[in-house]
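Chemist: One structure coming up, written as structure tokens, with questions to follow.
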Amino acid sequence: PMKATTASAPNAGPVDVHSPAAGAAALRTFFRIAEAWRLDNADQLALLGLRSRTTLAAWRKGGEVSLSPDTLERLSYLFGIYKALQMLLPSPEAADAWIRKPNAGPLFNGASALDRLRAGKVADLYLVRQYLDAQRGGWG
């Protein structure tokens, strides 16, 4: 089987998602999404499953950090939600605004997706991701 390579690192092996460098990259991506979605600190804490504002501030400053399996799972769902919205909606602005808009779908009952996600449960991240993937017509 062929291996995927990149032009900048043709001999690179598989990425270790548990490495501190991968953790730093994942958090940089999260904070870019948080900015696009206009998430405040409380929302960021809830989505990441954190209780400590000190940890959030340290993560925001950057640097390498090993992330827990729970945090990696949360980030994976958030990245999937972000990607699905970018694919489903006609503009980046519409995609970024969707997370805050009231939604009549049965999963949301008139509330926004962000309202649902503010509970801080991994299951809600999964359900929103699944909802969007179904809107797109499947996984991927």
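The values are calculated or read from the model by the stated rules, or taken from the named source; none is laboratory data. Computed from a prediction, not measured in an experiment: that's the story for all the values here. FYI the Cβ positions are ideal-geometry reconstructions off the backbone, even for glycines, and counts take in every protein chain you see. To get the accessible areas, we keep the full protein, side chains included, count just its heavy atoms, and leave off ligands, DNA and RNA. Shrake-Rupley method; radii C 1.70, N 1.55, O 1.52, S 1.80 Å.
Chemist: Ignoring ligands, DNA and RNA, what accessible area per residue does the chain give at 1.4 Å, in Å²? Intermediate results must be reported in sequence, preceding the final value.
Modeler: On the way: 8280 Å² over 140 residues.
Result: 59 Å² of accessible area for each residue.
Chemist: Under a crude label model (7 Å from the Cα following the beta-carbon direction), how far is Ser66 from Glu93 in nanometres?
Modeler: 4.5
Chemist: Continuing with the same structure: Can you work out the FRET efficiency for the pair Phe79 and Ala111, with r the C-beta to C-beta distance and R0 = 30 Å, to the nearest 0.05? Could you put the intermediate results ahead of the total?
Modeler: Working: r = 23 Å, r/R0 = 0.75.
So the FRET efficiency works out to roughly 0.85.
Chemist: Which of Thr71, Thr55, Thr29 ends up with the largest GNM mean-square fluctuation for the chain, with Cα atoms connected below 10 Å?
Modeler: Comparing Thr71, Thr55, Thr29 in the GNM, the peak value goes to Thr55.
Chemist: Leaving out ligands, DNA and RNA, and with a 1.4 Å probe, what % of the accessible surface on the chain is carbon or sulfur?
Modeler: Values: 4610 of 8280 Å².
Of all accessible area on the chain, carbon and sulfur atoms account for 56 percent.
Chemist: Let me know the number of lysine pairs in the chain closer than 29 Å at the Cα, not counting same-chain pairs under 8 apart. Can you show the working numbers first?
Modeler: Values: Lys3/Lys83; Lys61/Lys83; Lys61/Lys121; Lys83/Lys101; Lys83/Lys121; Lys101/Lys121.
Here the count comes out as 6.
Chemist: Within 10 Å of each candidate Cβ there may be at most 11 other Cβ atoms; applying that plus a DSSP loop requirement, which trypsin sites (Lys or Arg not before Pro) in segment 39-140 survive?
Modeler: On the way: sites: Arg51, Arg53, Arg60, Lys61, Arg74, Lys83, Arg100, Arg116, Arg118, Lys121, Arg129, Arg136; in loops: Arg51, Arg100, Arg118, Lys121.
Passing sites in segment 39-140 are Arg51.
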